[in-house]
Structure formats: C-alpha cells, structure tokens
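The values are calculated or read from the model by the stated rules, or taken from the named source; none is laboratory data. Keep in mind that what you see is a predicted model, and the values were worked out from it rather than measured. Reconstructed Cβ throughout: ideal geometry from the backbone, glycine too, with neighbour counts over all protein chains shown. Ligands, DNA and RNA are excluded from the accessible area calculation, which covers all protein heavy atoms including side chains. Shrake-Rupley method; radii C 1.70, N 1.55, O 1.52, S 1.80 Å.
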Protein chains: 2
Amino acid sequence: MKIKVIVTLKNGVLDPQGKAIQQTLNGMTFDNVSEVRQGKYFDIEVNESDENKAKSQVEEMCKKLLANLVIEDYKIL
Amino acid sequence: MKIKVIVTLKNGVLDPQGKAIQQTLNGMTFDNVSEVRQGKYFDIEVNESDENKAKSQVEEMCKKLLANLVIEDYKIL
C-alpha cells in the first residue's frame with residue numbers, strides 16, 4: 001500500500017528557500033505571488049494491506065525519521 | 001488564495017535520496033517498507049480570488065520554474 005506524506009515547516013519558522021522562489025517568481029512576470037513555502041513530499045510503499053495499520057506505521061516513521069518535530073509538521077494524505 | 005503543488009520524479013527516474021531513506025527505515029525496525037520516493041511540496045499564496053485563474057497561473061509557474069519537466073511531474077492539489 002502506498003502512503004503519501006507531506007512535511008512542512010511550522011508557521012513562524014523562516015523559510016529562506018521559499019522566499020528565494022517567491023522573489024524569482026516575482027521577477028518573472030508572476031508579481032502577484034505574495035508567499036511561497038517549500039516542504040517535502042514522500043511516497044512510501046509499505047507491505048501492509050490494512051490501510052489503518054499502514055498509516056500508523058508511517059506516522060511512526062514521520063516521528064522517528066522523516067520530520068523534525070521541533071520545526072516541522074507532517075501530514076499523512 | 002493558497003495553492004498547493006507537489007513535484008515528483010517521473011517513474012523510471014532514479015531516486016537515490018528516496019533509496020537512502022528506504023534503507024534507513026529498513027534498518028530501524030521498519031523492514032516492510034519496499035520503496036520510498038521523495039518529491040517537493042510548495043504552498044503558493046497568489047493574490048487572485050478566482051480559483052481557476054490562480055491554478056492556471058500556478059501551472060504556468062510549474063512549467064517555467066518549479067518543475068523540470070524532463071524528469072519531473074507536477075500535480076496541483
């Protein structure tokens with residue numbers, strides 16, 4: 001079963017990479033872009049047919065490896 | 001209006017970063033993870049109240065800057 005996860009910076013955490021993308025977009029005709037924030041996306045294939053079990057395993061992975069919970073949030077899709 | 005975008009590697013394009021994450025997960029009790037692929041996620045705030053217009057602008061941004069269409073696909077959520 002394939003589980004999708006998004007990891008984003010928490011609100012209030014500076015995102016210089018997103019800021020750079022925003023400024024670049026503003027400079028190339030997209031001047032109505034007021035903010036860009038970048039995050040990470042993971043497609044995880046788990047050998048587990050029960051969706052709830054698979055998701056709870058992926059949640060465990062987020063807490064232990066994929067996200068830094070001090071500055072990041074994760075969302076399992 | 002906030003538009004969310006996911007950029008992923010196309011199928012068949014090697015993803016060494018995802019492979020490294022998979023091997024790390026396998027080594028830390030998650031031995032039923034058979035594949036991980038990593039992508040990028042963007043939260044884009046566009047000053048445009050019409051959702052369709054905002055999405056078509058973001059599509060333009062994906063084509064011109066955010067995704068490398070030779071090796072990546074984008075999906076506007």
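Need one number for chain A: average projected area of the convex hull over its C-alpha atoms, nm².
If I average the Cα hull's projected area over directions, I get 6.1 nm².
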Fill in: Of A:Lys55/B:Lys40; A:Lys53/B:Lys75; A:Lys2/B:Lys64, those spanning more than 24 Å from alpha-carbon to alpha-carbon
A:Lys53/B:Lys75; A:Lys2/B:Lys64
Worksheet, complete the sentence: Distance in nm between B:Glu59 and A:Lys63 label points, each 7 Å along Cα→Cβ, equals 4.1
Response to the item:
Once both label points are put 7 Å beyond Cα along the C-beta direction, the A:Glu35-B:Thr29 separation in nm becomes 3.7
Worksheet entry | Angle between chain B longest axis and helix B:16-27 axis [Cα atoms, degrees, rounded to 10] | 50
Fill in: Per residue value of the accessible surface for segment B:2-76 (all protein chains in place, 1.4 Å probe), Å²
54
Discussion item. What distance in nm separates the two pseudo spin-label positions at A:Gln17 and A:Glu51, each 7 Å out from Cα along the beta-carbon direction?
Written reply: 3.0
Discussion item. Going by amide H atoms built from the backbone, whose H comes under 5 Å of the H on B:Glu72, apart from near neighbours?
Written reply: B:Lys10
Worksheet item: Pairing the Cα long axis of helix B:51-61 with the longest principal axis of chain B, what angle in degrees results, from 0 to 90 and rounded to the nearest 10?
Response: 60
